[in-house]
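Please read the structure below before turning to the comments.
Nothing in this text is a laboratory measurement; each read-out follows from the coordinates by a stated rule. On a predicted model such as this, the values are computed, not experimentally measured, just so you know. In this analysis, Cβ positions are derived from the backbone assuming ideal geometry, glycine residues included, and neighbour counts consider all displayed protein chains.
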Amino acid sequence: MNSILPTLLLGAAVLAAAEPGPGVPNAPQIINFNVVEALSSIGGQELGGIFAFIPEERASMAMAAYLMESPKALKRFVKKVSADREEVQGINGWDKEVLLYLIGMGSAGQTSTGGEAIAASMMKRIQALSLESALPREVIVQRRALRK
């Protein structure tokens, strides 16, 4: 993993925590299960501490920003969402938010700090997945349990 990425995310978390307003944590908080599952699927468990400083309502945007910077993590995330679609005939609503942020970032011409955009083939997969039905996390977990 690129050693600058955790630093960038920590910087974003500090800036988010510095903004005044309700719901902005100034101390670590418990992160939601969607973030934990996404971090596990991309092999980024060590980023959990950073996401603890990102307000829950901004976590999907922060995840999309991280995925823009890490093509390997993006590929793993899309693979996880694709597997959910196949296994439970839908995708997690939080994952769909991340996908929609990625589409927005790509449409706006945003690139990684290295100047690379998301590959066209990957963007097509992301767009196709973003059209899937969004299911609450609880439904996804129940459907997975029934499939075993």
Next on the checklist: Please count how many residues of region 83-111 are under 15 Å from the mean Cα position of the chain (by Cα) and among the polar types (S, T, N, Q).
Outcome noted: 1
Checklist entry - In region 76-91, which residues are exposed (fewer than 15 other Cβ atoms within 10 Å of the Cβ) and basic (K, R)? => result K79
Checklist outcome for this item: Note on region 92-109: residues surrounded by fewer than 19 Cβ atoms within 10 Å (Cβ to Cβ) and either touching a strand residue (DSSP E or B) at 6+ places or on another chain (Cβ under 6 Å) or among the aromatic types (F, W, Y) (or both) are G93
